[in-house]
Amino acid sequence: MKQDELKKLVGEKSVEWIKDGMTVGLGTGSTVKFMVDALGRRVKTEGLNITGVTTSKATAKQAEDLGITIKSVDAVDHIDLTIDGADEISDDFQGIKGGGAALLFEKIVATNSDKVMWIVDESKMVKNLGAFPLPVEVIPYGSQKVFERFEKKGYQPTFRKSADGNSLLLTDSENYIIDLHLHDILDPETLAADLIKEVGVVEHGLFLNMVNTVIVGRSDGPEVLDAHR
Ligand SMILES: O=C(CO)[C@H](O)[C@H](O)COP(=O)(O)O
């Protein structure tokens, strides 16, 4: 099966966890897009009554176009379940997210959710994190200084460019993304603590101790993994 077919498989499988009356966090990315499409079909055909809390302008637009009710994270008293994609998931269920530059809202929504589910194709499952460049969202003012400090620490930073390559990418919050090319992250907790104390860093893409369930798309079908937290 191709990667896109595996993403569709898990996207469609994951909506089985969504029940009538739930408030659901809707992640961002190509895998989530399949999930939101499937959710939209359930809303339309079954009259499923749910509220969505989105993590990006792109997901908000898709959900609204499909007739899914959307509220801000600040307008709901809780989120029952968030379903999101991921860029890497390690053996011990730690994750890197932010490949789609939505890590800030994704982390806000995830940390305000009772349960978090990640849906990925099998290529995202790794032993240790770090082959995927770690995204760090920084405010534009002083970002060059943050970049230089990351360089000195050996983090091999690169500013993320916009799709046309002509300017720096701006997140939904109008910040920049610095990607760190770390190759192998052996101690994610220490790295996360180091990154978040850097002035100018808004958030980083290490999502630690956050996920409850992972659905992995494999050629022989979706595999559901319980992170036991
Ligand atoms: O973290 C994310 C966006 O910020 C995405 O969930 C992550 O990049 C996975 O994306 P895709 O499903 O397109 O592979």
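The values are calculated or read from the model by the stated rules, or taken from the named source; none is laboratory data. This structure is a prediction, so every number in the text was calculated from the model and none was measured. With ideal geometry, Cβ positions are generated from the backbone for all residues, glycine too; neighbour counts draw on all protein chains shown.
Structural remarks
- Test: residue in region 94-105 that is aliphatic (A, V, I, L, M), assigned to a loop (DSSP other than H, G, I, E, B), crowded, with 16+ Cβ neighbours inside 10 Å and more than 15 Å from the ligand (Cβ to nearest atom): no
- Selection of region 106-123 for residues being near the ligand (Cβ under 10 Å from one of its atoms) and in contact with an Asp or Glu (Cβ under 8 Å, 6 or more places away or on another chain) yields Glu106, Lys107, Trp118, Ile119.
- Among the residues of region 17-55, those identified as part of a helix (DSSP H, G or I), farther than 20 Å from Ala110 by Cβ and of a type outside the set (Gly, Ala, Ser) are Asp37, Arg41, Arg42, Val43, Lys44, Thr45, Glu46.
- Residue count for region 19-39 under the criterion of being surrounded by 20 or more Cβ atoms within 10 Å (Cβ to Cβ) and more than 16 Å from the ligand (Cβ to nearest atom): the result is 1.
- Filtering region 70-87 to residues that are surrounded by fewer than 23 Cβ atoms within 10 Å (Cβ to Cβ) and in contact (Cβ under 8 Å) with a residue 12 or more places away in the chain leaves Ile70, Lys71, Ser72, Val73, Val76, His78, Asp80, Leu81.
- The set of residues in region 1-16 that are in a helix (DSSP H, G or I) and either at pLDDT below 95 or in contact with a Pro (Cβ under 8 Å, 6 or more places away or on another chain) (or both) comprises Leu9, Val10, Lys13.
- The single residue among Ala86, Ala58 that is assigned to a loop (DSSP other than H, G, I, E, B) and within 22 Å of His204 (Cα to Cα) turns out to be Ala86.
- For region 124-149, filtered to residues that are closer than 29 Å to Trp17 by Cα and assigned to a loop (DSSP other than H, G, I, E, B), the residue that is nearest to the ligand (Cβ to nearest atom) is Phe132.
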